[in-house]
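Heads up: the structure comes next, in structure tokens.
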Amino acid sequence: MTVPPYKNHEMRYLTIILLAALLLAPLHGCRCSGDNSQEAAVPDTAKGAAYVKLRVNPIGGSLARVFNDLNKTQLTAARALGIKPIENVHMAWTLDHPLEKIESCSDYHVDSLTHSVPFLVPEASRLLTDIGRRFNDTLAARGGGDYRIKVTSVLRTAHAVSKLRKQNINATTESTHQYGTTFDISYVDFINDTLTVPRSQEDLKNLLGEILKELRDEERCYVKYERKQGCFHITARPETEK
């Protein structure tokens, strides 16, 4: 049977409409789980905000090469500035050299500590505060972003060191953490208080490196870039060394 001409036209129009719908559907449909676009990675509160790379001043080499102060060097400083190693946290209150308790504040965040206690000698406590404050001030001066550094390890008692060595055979018994002069700051995780300006982990890590380089050049600390632990291992220096 011959199809009337007008039906041929109708079928042609329907075909065109269906093809157009198929072509346009991906533009208006939902994103699939495998979509790696920048918008998909940004939380709802930041959609529409353009990511701008943070300006970070060069430090003269890679973080691993620049921050390579040996444990022997840090240990000498720790013994000169810090307390005598203690067996447990209760002994902290009977020391001649005072210790200060550190707590999360606007300058830094203290993580849930599993193998250390939140105490530092005053010089190390001031150093930590200055690191956090310079980090926040520099971030604000270069475009903003509400992020804080995260402290992951502080004072280790002899009991804590023994406990740590049971889980990590590479943990040294000659740890500078035993003297209250040393703390670790993560370069993998940062605390995001509110997402006013999105920043990448890499930018925040390099900015922290810039701040640590400044303080190291001022002879206030020694720094080791720890690859496996994902942190900067930092020891305050005594005045007599400067």
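Taken over the stretch 180-198, the criterion of being crowded, with 17+ Cβ neighbours inside 10 Å, assigned to a strand (DSSP E or B) and not small (Gly, Ala, Ser) is satisfied by THR182, PHE183, ASP184, ILE185.
Scanning the stretch 199-242 for residues that are outside any helix (DSSP H, G or I), buried (at least 18 other Cβ atoms within 10 Å of the Cβ) and not small (Gly, Ala, Ser) yields a total of 13. When GLU174 is tested against the conditions (1) in contact with a strand residue (DSSP E or B) (Cβ under 6 Å, 6 or more places away or on another chain); (2) within 17 Å of SER116 (Cβ to Cβ); (3) modelled with pLDDT under 95, the lone failure is (1). Of the residues making up the stretch 177-197, none is out of contact with any Pro (no Cβ under 8 Å at 6 or more places or on another chain), among the acidic types (Asp, Glu) and at positive phi.
Looking across the stretch 70-128 at every residue that is open to solvent by 70 Å² or more (accessible area, probe 1.4 Å) and among the β-branched types (Val, Ile, Thr), the one that is nearest to PRO238 (Cα to Cα) is identified as THR76. A single member of THR138, THR129 is closer than 16 Å to LYS101 by Cα, among the polar types (S, T, N, Q) and outside any loop (DSSP other than H, G, I, E, B), and it is THR129.
The rows are residues; the columns are (1) within 18 Å of PHE183 (Cα to Cα); (2) within 22 Å of the chain's Cα centre (by Cα); (3) free of Cβ contacts under 8 Å to residues at least 24 places away in the same chain.
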{"residue": "VAL66", "(1), (2), (3)": "no, yes, no"}
{"residue": "LYS72", "(1), (2), (3)": "yes, no, yes"}
{"residue": "GLU87", "(1), (2), (3)": "no, no, no"}
{"residue": "HIS90", "(1), (2), (3)": "no, no, yes"}
{"residue": "HIS115", "(1), (2), (3)": "yes, yes, no"}
{"residue": "ILE131", "(1), (2), (3)": "yes, yes, no"}
{"residue": "GLY144", "(1), (2), (3)": "no, yes, no"}
{"residue": "ARG156", "(1), (2), (3)": "yes, yes, no"}
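The values are calculated or read from the model by the stated rules, or taken from the named source; none is laboratory data. Here the structure is a predicted model, which is why all the values come from computation and not from measurement. Note that we place each Cβ from the backbone using ideal geometry, even for glycine, and neighbour counts take in every protein chain shown. Note: accessible area is taken over every heavy atom of the protein model, side chains too, but ligands, DNA and RNA are not part of it. Shrake-Rupley method; radii C 1.70, N 1.55, O 1.52, S 1.80 Å.
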